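Colleague: One structure follows; several queries about it will come next.
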Amino acid sequence: MGSHAIFLARDLEHELAVIDFDHVETKNLASQWFVKQMVGKNKAAALKMQLLNFYDVKLQDYTVKLTALNVETILGAAGLVVECFDNAESRRVVQDYARSRQKPCIHAGLAANGEFGVVRWDKDFTIDEEGVPGQATCEGRGFLPLILRVSSSLVASIQFFLADGRQVNWNVSPGNAESF
């Protein structure tokens, strides 16, 4: 979902950054914003290359795993933290840091089975424990409409916040997106 959110947020007049130590796999091509030529490359570096080549948009790529040891270095200058990790451990690092520094933070996530997605500002976000650490989320074909709907809702919330400070949350299902 994060790759699609970056694609949709490319016209925001703010600096963009992506943190991801993972590499593009063939299975990612069905549900993430990558092309076949990116297989094997680091995901953050691949997104940086695609945004620059397709749209002449610059992106800061952090090709490392976010941890409590490097979070200050990576997120310290951020005016807004946008979190789309697919694991509880990384979500917790972001949430703990954002809360300790009182940084605005918005989270987006998908149910592993693709039944729903959420976009929540940190004050309203509770990290779900994973049934199995590293559990796949919406992998394979058929999930792209939901992923795009959640990504679009996330970017809409970012736009509202940047325009007037509004913090809009969303519940998203395959057939509906509801803001509150």
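Colleague: What dipole magnitude, in Debye to the nearest 20, does the chain give about its Cα centre under +1 on Lys/Arg Cβ and -1 on Asp/Glu Cβ?
Modeller: Using only the charged Cβ atoms, the result is roughly 260 debye.
Colleague: Between E129 and D56, what is the FRET efficiency for a Förster distance of 30 Å, r being their Cβ-Cβ separation, to the nearest 0.05?
Modeller: Computed FRET efficiency for E129 and D56 comes out at 0.15.
Colleague: Now for a separate question. Given a cut-off of under 8 Å on Cα pairs at least six residues apart, what relative contact order in percent is computed for the chain? Display every interim value, and only then the final one.
Modeller: On the way: 291 pairs, mean separation 38.4, N = 180.
Worked out over the chain, it gives 21 percent.
Colleague: Out of the total accessible area of the chain (probe 1.4 Å, heavy atoms of protein only), what percent is carbon and sulfur? Show your work: numbers first, answer last.
Modeller: Working: 4970 of 9710 Å².
The C+S portion of the solvent-accessible surface of the chain is 51 percent.
Colleague: Give the cross-link partners of K41 among the aspartates and glutamates, using a straight C-alpha distance below 15 Å as the criterion and excluding same-chain residues fewer than 8 apart.
Modeller: Within the straight-line cut-off, K41 pairs with D20, D22, E25, D61.
Colleague: Contour minus end-to-end for T67 and E115, with contour as 0.36 nm per residue of separation and end-to-end as the Cα-Cα distance?
Modeller: 14.3 nm
Colleague: Compare L154, L29 by solvent-accessible area with a 1.4 Å probe and give them largest first, with all protein chains kept in place.
Modeller: Ranking L154, L29 by accessible area, largest first, yields L29, L154.
Colleague: Take peptides 169-179, 82-92 and line them up by average Cβ neighbours within 10 Å, highest first, as a rough protection proxy.
Modeller: In descending order of packing, they fall as 82-92, 169-179.
Colleague: Could you compute the net charge surrounding K48? Neighbours are other residues with a C-beta less than 15 Å from the C-beta of K48; K and R count +1, D and E count -1.
Modeller: -1
Colleague: When the gyration tensor of the chain is built from Cα positions, what are the square roots of 5 times its three eigenvalues, in whole Å, from largest to smallest?
Modeller: Semi-axes (√(5λ), whole Å): 21, 20, 18.
The values are calculated or read from the model by the stated rules, or taken from the named source; none is laboratory data. The shown structure was predicted, so the numbers you read here are calculated from the model rather than taken from an experiment. Counting neighbours? That spans all protein chains shown, and the Cβs are built from the backbone with ideal geometry, glycine included. Please note that ligands, DNA and RNA were not included when accessible areas were found on the heavy atoms of the full protein model with its side chains. Shrake-Rupley method; radii C 1.70, N 1.55, O 1.52, S 1.80 Å.
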